[in-house]
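The values are calculated or read from the model by the stated rules, or taken from the named source; none is laboratory data. What you see is a predicted model; the values in this text were computed from it and never measured. Cβ: placed from backbone, ideal geometry, glycine included. Neighbour counts: every protein chain shown. Protein only, heavy atoms only, side chains kept; ligands, DNA and RNA dropped before computing areas. Shrake-Rupley method; radii C 1.70, N 1.55, O 1.52, S 1.80 Å.
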Amino acid sequence: MPPKTDTTAEPTPGAGGHSPPTREMFYSEALNEALRLEMERDERVIVIGEDIAEHGGAFQVTAGLLDRFGPTRIRQTPISEIGIVGAAVGAALTGLRPIVELMYVDFSGLAMDQVVNQAAQNRFMFGGQARVPMVLRTQGGSGRGNAAQHSKSLEAWFAHVAGLKLVMPATPADAKGLLTAAIRDDNPVIFLEHKLLYRTKGAVPEGEHVVPLGQADIKREGTDLTIVTWSREVLFALEAAGRLAELGIAAEVVDVRTLVPLDKGALLASVRKTHRLLVVHEAIKRAGYGAEIAAMIAEEAFDELDAPPKRLAGLDTPIPYAQHLEKSVVPQVEDIVAAAKELVG
Amino acid sequence: MTIDRATALDLYRVMRTIRSFEERSTQLFGENKIWGTIHSYAGEEAIAAGVCAHLRDDDWITSTHRGHGHCIAKGADLGKMFAELLGRETGYCRGRGGSMHIADTSKGNLGANGIVGGGIPIATGAALTAQQLGTDQVAVSFFGDGAANQGTFHESLNLAAIWKLPVIYVCENNQYAESLPVKRAFAVENIAVRASGYGMPGVRVDGRDVRAVHEAAREAVARARSGKGPTLLVADSYRHEGHYYGDPRKYQTKDEIEGWRKRFDPIADARAWIVADRLAGVADLDAIDLSVVGEIDRAVAWAEEGPPASPIKLPDDVYAT
Ligand SMILES: Cc1ncc(C[n+]2csc(CCOP(=O)(O)OP(=O)(O)O)c2C)c(N)n1
Ligand SMILES: [Mg+2]
């Protein structure tokens, strides 16, 4: 069994005391609320994708939106990934603010030309004449027995393309706040959810809630090492930090939230405090985004480090099917505990 | 299919401008002033001219790697186009895009495209915007015979048909996709028959006759504008030059090229019927030719005066703020 995932998000530090009222909700509900509020706020916002109408999306993120906004704004499509993403690019170029729901990130290969050669580059190629305010929402990750074609973590693909922003929320509150910011952003934003986060619960601010892109969040403070992570591994890291505390190790957990643009300042500040870096992600280690973070810290804060930066990540393998095998290839809580102990010890 | 004098001369002027633009770019390329690659639209002018004559500035087009003609027909500034080819800050894309990415969003040109078939879904999305916002704008996607075999063609035509989007798909069948002749790329002789598989009209026109293109496009644009949905328009055509500047054309014979060029020239064709129908005289047409050359000269001179493209500025060049 995966660790308990109904971790309640801590209120964001530095909120100035006047935290708005919150409501407990699932991550999928938080996303749904962001969609609903933004669609109410701006009629140019539309959702386009497969099975998003009556069915409410493969993960229920668009549940109820058809009734509220009708079939032209909740535009259900045939199975045509590049056609859908390309139509969103064209719509974004001409005045709409489309949100594409791509059922699995594993299908993004089918649409990749429109993401990489069109959406990401239009502004640049046209010398600033164009804006592409679209969001490509999709989900990835393992843990549900969906096997190799429905379980990947492909954030490194998108991080390597100039012109995209890349967001991976871990908590319901961040899911709502970051999706709101992504919809309001004038650039193409890749918004990667995790299939095992949809049914996690947390306190989510009521009403308008915006988490600006490009700001990491310290999910737990500590002084002995910095664990930098994102998406579902944030929950694992928090649980690991709890166990480490019992062993007398104070781990700081930094959730990057936005991989592009990356909040370098927050990461550097944390490492300057703890002098040790552990990067954790579910995606395979080779050429993973953790390498980018480790290299960045090594380049910019080498003298601050008391130990070499360490990466803990998925094995260089497709995701296997059997439950015990699936768990064996991506970092689990005990793996994080072990890696942290080794780094500190 | 009667056409009045003003329309005939407008169409002629646009076609002549495209031809002269291509001739001058070819010359500039030969002088090593243009970097990279250019693809000449010579021979295919009637398609862009005939279709764009029905478009307003707020209608959209998506174009291709062979995009100069579409750009001009949609009303672009020739100086800014040349400046782009010359890598100047004053170019449409400030030297960041070049021939294969010229866009003029002020005139609804959503860009040339270096990806074969890349513009087809984008035009479809533009049409979605028009439908969603309840305007009467239309979108036109120009693409080649080669692009008609891309997956984007299939997905986009189906989406447009089920949603009745105001979009016109204009397939320019210039007989080749780079070196591949259409005969070896299609098992059907008439690409327009594909339209029926999507549930939209498929119309085949003679891309040499700007009147025929103009007429077919009128109907397709009217259909789109009035909410009746998309059309596939296939124009038979021929590119006079190689696939790109410097193409050795090993896949063609000299006889073929010379025969087609003579037989298939929309500009010579237009001169003939304009004179025969007494819409204008040879002297009027020559005067247009002369004035176009003057316009091209001035555009090149203006472009050459522009400063070189400014250094890349990050993140502003890449990200909107
Ligand atoms: C996706 C993609 N595949 C291949 C190419 C290389 N390429 C550029 S143009 C071209 C031929 C395109 O033929 P067609 O669509 O008929 O347009 P034409 O050049 O004849 O105007 C090819 C193969 C490309 N640019 N993009
Ligand atoms: Mg061709």
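Consider the range B:164-193. How many of its residues are buried (at least 20 other Cβ atoms within 10 Å of the Cβ), in a helix (DSSP H, G or I) and more than 12 Å from ligand 2 (Cβ to nearest atom)?
Residues in the range B:164-193 being buried (at least 20 other Cβ atoms within 10 Å of the Cβ), in a helix (DSSP H, G or I) and more than 12 Å from ligand 2 (Cβ to nearest atom): 1 in total.
So which residues in the range A:267-298 are among the hydrophobic types (A, V, I, L, M, F, W, C) and in a helix (DSSP H, G or I), if there are any at all?
Selection gives A:267, A:268, A:269, A:271, A:291, A:293, A:294, A:295, A:296, A:297, A:298.
Where in the range B:201-312 are the helices (runs of 4 or more DSSP H), entirely inside, with at least 2 residues that are buried (at least 17 other Cβ atoms within 10 Å of the Cβ) and out of contact with any His (no Cβ under 6 Å at 6 or more places or on another chain)?
Result: B:210-225, B:266-276, B:282-305.
Which residue, of B:120, B:115, is within 9 Å of ligand 1 (Cβ to nearest atom) and closer than 19 Å to residue B:71 by Cα?
Selected residue: B:115, the only one of B:120, B:115 that is within 9 Å of ligand 1 (Cβ to nearest atom) and closer than 19 Å to residue B:71 by Cα.
Any idea which of A:65, A:96, A:110 is more than 13 Å from chain B (Cβ to nearest Cβ) and of a type in the set (A, V, I, L, M)?
That would be A:65, the only listed residue that is more than 13 Å from chain B (Cβ to nearest Cβ) and of a type in the set (A, V, I, L, M).
Being modelled with pLDDT of 95 or more and touching a Leu at 6+ places or on another chain (Cβ under 9 Å): is that true of residue B:212 here?
Here the answer is no, as residue B:212 does not meet what is asked.
Kindly indicate which of A:237, A:301 is buried (at least 16 other Cβ atoms within 10 Å of the Cβ), under 21 Å from the mean Cα position of the chain (by Cα) and part of a helix (DSSP H, G or I).
Of A:237, A:301, the one residue that is buried (at least 16 other Cβ atoms within 10 Å of the Cβ), under 21 Å from the mean Cα position of the chain (by Cα) and part of a helix (DSSP H, G or I) is A:237.
Of the conditions (1) within 11 Å of chain A (Cβ to nearest Cβ); (2) without any contact (Cβ under 8 Å) to a residue 60 or more places away in the chain; (3) more than 17 Å from the chain's Cα centre (by Cα), residue B:89 fails just one. Which one is it?
(2)
Quick one: how many residues across the range B:164-193 are in contact (Cβ under 8 Å) with a residue 40 or more places away in the chain, out of contact with any Gly (no Cβ under 6 Å at 6 or more places or on another chain) and away from ligand 1 (no atom under 13 Å from the Cβ)?
5
Find all pairs meeting these conditions: Cβ atoms under 7 angstrom apart; at least six residues apart or on different chains; first residue within the range A:175-197 and more than 14 Å from chain B (Cβ to nearest Cβ) and small (Gly, Ala, Ser); second residue in a helix (DSSP H, G or I) and surrounded by 24 or more Cβ atoms within 10 Å (Cβ to Cβ).
Close Cβ pairs (under 7 Å, with a partner that is in a helix (DSSP H, G or I) and surrounded by 24 or more Cβ atoms within 10 Å (Cβ to Cβ)) amount to A:175/A:27; A:175/A:30; A:175/A:31.
Restricting attention to the range B:47-54, does a residue exist that is within 11 Å of another protein chain (Cβ to nearest Cβ) and open to solvent by 10 Å² or more (accessible area, probe 1.4 Å)?
no
Looking at (1) outside any helix (DSSP H, G or I); (2) within 13 Å of chain B (Cβ to nearest Cβ), can you tell me which one residue A:90 breaks?
(1)
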